[in-house]
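Inspection log for the structure reproduced underneath, given as structure tokens.
The values are calculated or read from the model by the stated rules, or taken from the named source; none is laboratory data. Only a predicted model underlies this, so the values are computations on that prediction, with no experimental measurement involved. So basically every Cβ, Gly included, is an ideal-geometry build from the backbone, and we count neighbours across all protein chains shown. Remember, those area values only see protein heavy atoms, side chains included, never the ligands or the DNA or RNA. Shrake-Rupley method; radii C 1.70, N 1.55, O 1.52, S 1.80 Å.
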Amino acid sequence: MTTPVIELNEARRIYPTPQGELHALAGVSLTIQAGEVVAIVGRSGSGKSTLVNLIAGIDRPTSGTVRVGGSSVEGMTESARSRWRGRTVGIVFQFFQLLPTLTVRENVMLPIDFAGTLSPARAKDRATELLARVGIESQANKFPSALSGGQQQRAAIARALANDPPLLLADEPTGNLDSQTADKVLSLLSELGARGKTVVLVTHEREIARRADRVVSLADGQIAEITHREVARG
Ligand code: ADP
Ligand code: MG
């Protein structure tokens with residue numbers, strides 16, 4: 001039996017707004033097993049980022065539970081959560097969010113420095129190795145602004161892998177890339193899934209539906225449909 005890596009049980013996230021309560025997530029129950037690649041799709045405003053932020057422990061549910069790797073995310077203190085996140089979750093965003101004043105290698109070393117998992121010398125080696133793995137080793141000493149969008153996203157993926165987290169979350173990682181570059185980034189992410197990482201990614205790219213184990217469609221903060229790969233390919 002595989003242990004579920006992510007377990008949401010009736011997770012709700014309600015935002016108070018001047019117009020009243022906004023149910024960004026209106027009771028989502030979902031179990032994702034270790035090593036699965038799950039794509040989250042849905043229109044803008046359907047709750048995709050809210051869902052990813054709950055899994056990442058960036059945000060807490062208003063009610064319901066979110067468990068990741070056996071830990072109850074909402075029960076942790078802020079500092080425990082940030083330590084937990086550093087070791088357990090790698091996150092990739094649409095706009096890369098690399099620090100402009102650090103070189104590409106230093107960006108990748110940053111989560112290792114935060115977690116204190118390796119000595120500075122070993123962290124540097126690890127960062128170089130990860131940049132080679134995502135195919136941009138030659139860019140290591142440059143600043144992010146000197147890289148193309150696709151290269152910056154590869155750097156962000158290397159950074160997300162820095163502490164070798166079992167879980168990789170990506171919120172529209174290809175939203176800012178041309179379709180050919182997007183395809184390469186999606187290949188890289190699904191390859192990581194094939195190597196045993198659990199990957200949850202929000203995407204508009206139809207192509208991912210054929211590579212993900214499951215596609216979860218959100219509509220108005222609820223799961224509208226779940227498609228398994230066999231069906232998606234058929
Ligand atoms: P998606 O990522 O699918 O576009 P989001 O999860 O970002 O959707 O947002 C879901 C809903 O929650 C949207 O209606 C959005 O406007 C609303 N929302 C998101 N964040 C906030 C916030 N901080 N305050 C109020 N409403 C929010
Ligand atoms: Mg979003």
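A few remarks follow.
- Residues within segment 98-121 that are of a type outside the set (A, V, I, L, M) and out of contact with any helix residue (DSSP H, G or I) (no Cβ under 7 Å at 6 or more places or on another chain), tallied: 7
- Pairs where the first residue, in segment 157-184, is over 15 Å from Arg87 (Cα atoms) and open to solvent by 10 Å² or more (accessible area, probe 1.4 Å) and the second is more than 16 Å from ligand 2 (Cβ to nearest atom) and β-branched (Val, Ile, Thr), C-beta under 7 Å, 6+ apart: Leu177/Val185
- Where a residue in segment 37-52 is closer than 16 Å to Ser190 by Cα and open to solvent by less than 10 Å² (accessible area, probe 1.4 Å) and its partner, wherever it lies, is within 9 Å of ligand 2 (Cβ to nearest atom) and part of a strand (DSSP E or B), with Cβ under 9 Å and at least six apart: Ala39/Val202; Ile40/Asp171; Ile40/Val202
- Checking each residue in segment 53-88 for being free of Cβ contacts under 8 Å to residues at least 40 places away in the same chain and open to solvent by less than 20 Å² (accessible area, probe 1.4 Å) picks out Gly57, Val73, Arg81.
- If the condition is being touching a residue at least 40 places away in the same chain (Cβ under 8 Å), more than 22 Å from Thr181 (Cβ to Cβ) and part of a loop (DSSP other than H, G, I, E, B), then segment 102-116 contributes only Leu102.
- Any chance Leu22 is farther than 22 Å from Thr174 by Cβ, open to solvent by less than 80 Å² (accessible area, probe 1.4 Å) and within 16 Å of ligand 1 (Cβ to nearest atom): no
- Residues that are surrounded by fewer than 19 Cβ atoms within 10 Å (Cβ to Cβ) and within 16 Å of ligand 2 (Cβ to nearest atom), drawn from segment 207-221: Ser217, Ala219, Asp220
- Strands (runs of 3 or more DSSP E) lying entirely in segment 1-101 (those with 1 or more residues that are within 16 Å of ligand 2 (Cβ to nearest atom)): 4-17, 20-33, 37-41, 89-92
- Filtered by the rule that a residue be within 16 Å of the chain's Cα centre (by Cα), more than 15 Å from ligand 1 (Cβ to nearest atom) and closer than 12 Å to Ala11 by Cβ, segment 32-67 gives a lone residue, Arg67.
- So Ala11, is it buried (at least 21 other Cβ atoms within 10 Å of the Cβ), modelled with pLDDT of 95 or more and closer than 20 Å to Arg85 by Cα: yes
- A residue that is out of contact with any strand residue (DSSP E or B) (no Cβ under 9 Å at 6 or more places or on another chain), among the hydrophobic types (A, V, I, L, M, F, W, C) and more than 20 Å from Ala156 (Cβ to Cβ) can be found somewhere in segment 63-78.
- Scanning segment 192-206 for residues that are away from ligand 1 (no atom under 16 Å from the Cβ) and crowded, with 16+ Cβ neighbours inside 10 Å returns Leu192, Gly193, Lys197, Thr198, Val199.
- Scope segment 162-191; condition modelled with pLDDT of 90 or more, under 12 Å from the mean Cα position of the chain (by Cα) and away from ligand 1 (no atom under 16 Å from the Cβ); matching residues: Pro165, Pro166, Leu167, Leu168
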